[in-house]
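Data first, discussion second: the structure below is written as structure tokens.
The values are calculated or read from the model by the stated rules, or taken from the named source; none is laboratory data. Computed from a predicted structure; not experimentally measured. All Cβ positions, even for glycine, are placed from backbone atoms using ideal geometry, and neighbour counts span all protein chains on display. Areas reflect the complete protein model, heavy atoms only, side chains present, ligands, DNA and RNA absent. Shrake-Rupley method; radii C 1.70, N 1.55, O 1.52, S 1.80 Å.
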Amino acid sequence: MTSPVAVSKAEAISEQLIEIRRHLHRHPELSHEEVETTKYITSLLEEAGIRIIDYGLKTGVIAEVGGLQGGPVVALRADIDALPIQEETGLPYASVYPGKMHACGHDFHTASLLGAAFLLKEQEQELKGTVRFLFQPAEEKAKGALQIIDSGALEGVSAVFGIHNKPELPVGTIGIKGGPLMAAADGFRITVTGAGAHAAVPESGIDPIVAAAQIVTALQTVVSRNVSPLNSAVISVTKLHSGNAWNIIPETAVLGGTIRTFTEEVRSKVLKRFVEVTEGIAAALETKATVEWIGGPPPTINDDSLAQLANETAAALGLNAVTPELSPAGEDFAFYQRVVPGLFAFVGTSGTREWHHPDFNLDERALPLTAGFFTDVARRYLESLSTEAQG
């Protein structure tokens, strides 16, 4: 197996990685708009002599190193898009674009993966296969991973690794867990239709607000009575809009919200019961309810063998590997895991704010550690397959 040289080599390019991260932070671009970000990443890869593979993507970059000895392909992924948030950090490299900010650390992810690409290029002659770099657009819209898959960029890949910064974990810590890690994130919109009437004579109409209120309450029983206490699920109704006059019963009420689940079995059951309860309550109150789904990513479920490999890599690099808590956030990395085995890890960044906060920032000392982890986990994976092939 590889020696733990990746972090020490990454330390040597630490200043370059910080410069890259700050450039990206200063110039955030939203999902599907990452045109200049794509150009910037491409230019850095080309300067390093790393080959770019054209998969016809409008934004995002696919690149490779290795393959000189044949062998399998392992993929490393970073997301590159920003959020529609007005930055409030006051940093000297704060966003120059009003209402746009890297408030989820994708600039950190991208800089770390670029660091790994630079390091692996230096070791290209030794690689027992190919490392493919996925600089993915539109993670915040949960669309980018599907675009990468549809482009064919995952074809031939044996495994995929990804990371996300975790503000509450200290620098030098990495959260690795086999099995479920992050939630499926499904959205919903319910339209309840009744019959409008004057508020003074409610019997002449059918009140959709009363039905909507009953639906909100009844939906909580799906989790409390249809999901085992040994599993987890959340149904949150976050919007309820109806009417525009104080003395008129409206014709419709519209509800919206999200459902979070950690396994496909629980997800399927909760979505089914959600519709049954919604339609049943509506019918009992003489209204009609229509449910529209806003499809999000499935649960992020890590491959156990890749988790073991990641733990071994972390130990060799001197990182403190911990078992992270389940996160109810969604992550479109999960789409890759439906195609090939995958491992998604949390890297500690000693942040002071949670993801998506306008004052979000992180400790850049985690950059070389993350680049080193990316580098060594890819090498170790390729070497493990090479050892297996040799018997």
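Structure above, values below:
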| item | result |
| --- | --- |
| Matching residues, the range 198-214, being aliphatic (A, V, I, L, M) and either surrounded by fewer than 19 Cβ atoms within 10 Å (Cβ to Cβ) or part of a strand (DSSP E or B) (or both) | A199, A200, V201, I206, I209, V210, A213 |
| One residue from E354, E364 being open to solvent by less than 30 Å² (accessible area, probe 1.4 Å), among the acidic types (D, E) and within 21 Å of the chain's Cα centre (by Cα) | E364 |
| Failed item, numbered, when F118 is tested on (1) over 21 Å from the mean Cα position of the chain (by Cα); (2) assigned to a loop (DSSP other than H, G, I, E, B); (3) under 22 Å from R26 (Cβ atoms) | (2) |
| Close pairs from the range 219-233: first among the aliphatic types (A, V, I, L, M), partner open to solvent by 60 Å² or more (accessible area, probe 1.4 Å), Cβ under 8 Å, at least 6 apart | V222/R273; V223/V234; V227/K269; A233/R260 |
| Of all residues making up the range 220-235, the number that are surrounded by 16 or more Cβ atoms within 10 Å (Cβ to Cβ), at pLDDT 95 or above and part of a loop (DSSP other than H, G, I, E, B) | 1 |
| Test result for A329, farther than 30 Å from V216 by Cβ and either part of a strand (DSSP E or B) or among the hydrophobic types (A, V, I, L, M, F, W, C) (or both) | no |
| Filtered residues of the range 124-142 (kept if more than 10 Å from the chain's Cα centre (by Cα) and basic (K, R)) | K128, R132 |
| Condition met for I62 (assigned to a strand (DSSP E or B), surrounded by 19 or more Cβ atoms within 10 Å (Cβ to Cβ) and either among the aliphatic types (A, V, I, L, M) or at pLDDT 95 or above (or both)) | yes |
| Some residue of the range 259-279 being open to solvent by 20 Å² or more (accessible area, probe 1.4 Å), part of a strand (DSSP E or B), among the hydroxyl-bearing types (S, T, Y) and at pLDDT 95 or above | no |
| Residue in the range 48-57 that is in contact (Cβ under 8 Å) with a residue 12 or more places away in the chain, buried (at least 23 other Cβ atoms within 10 Å of the Cβ) and touching a strand residue (DSSP E or B) at 6+ places or on another chain (Cβ under 9 Å) present | no |
| Residue list for the range 174-197, restricted to those being surrounded by 21 or more Cβ atoms within 10 Å (Cβ to Cβ) and part of a loop (DSSP other than H, G, I, E, B) | I176, K177, A183, G194 |
| Unique residue being among the aliphatic types (A, V, I, L, M), touching a helix residue (DSSP H, G or I) at 6+ places or on another chain (Cβ under 8 Å) and modelled with pLDDT under 95 when the list is L91, L120, L68, L127 | L68 |
| V171 under 30 Å from R365 (Cβ atoms), open to solvent by 10 Å² or more (accessible area, probe 1.4 Å) and either touching a residue at least 24 places away in the same chain (Cβ under 8 Å) or not in a helix (DSSP H, G or I) (or both) | yes |
| Only listed residue being outside any helix (DSSP H, G or I) and in contact (Cβ under 8 Å) with a residue 24 or more places away in the chain, chosen from E11, E33 | E33 |
| Looking only at the range 332-351, and only at residues there that are over 19 Å from T313 (Cβ atoms) and part of a loop (DSSP other than H, G, I, E, B), the one that is most open to solvent (accessible area, probe 1.4 Å) | R338 |
| Matching entry among T217, T238 (being assigned to a strand (DSSP E or B), surrounded by fewer than 18 Cβ atoms within 10 Å (Cβ to Cβ) and among the hydroxyl-bearing types (S, T, Y)) | T238 |
| Residues within the range 104-159 that are crowded, with 19+ Cβ neighbours inside 10 Å and of a type in the set (S, T, Y), tallied | 3 |
| Scope the range 305-331; condition surrounded by 19 or more Cβ atoms within 10 Å (Cβ to Cβ) and within 13 Å of the chain's Cα centre (by Cα); matching residues | S327, G330, E331 |
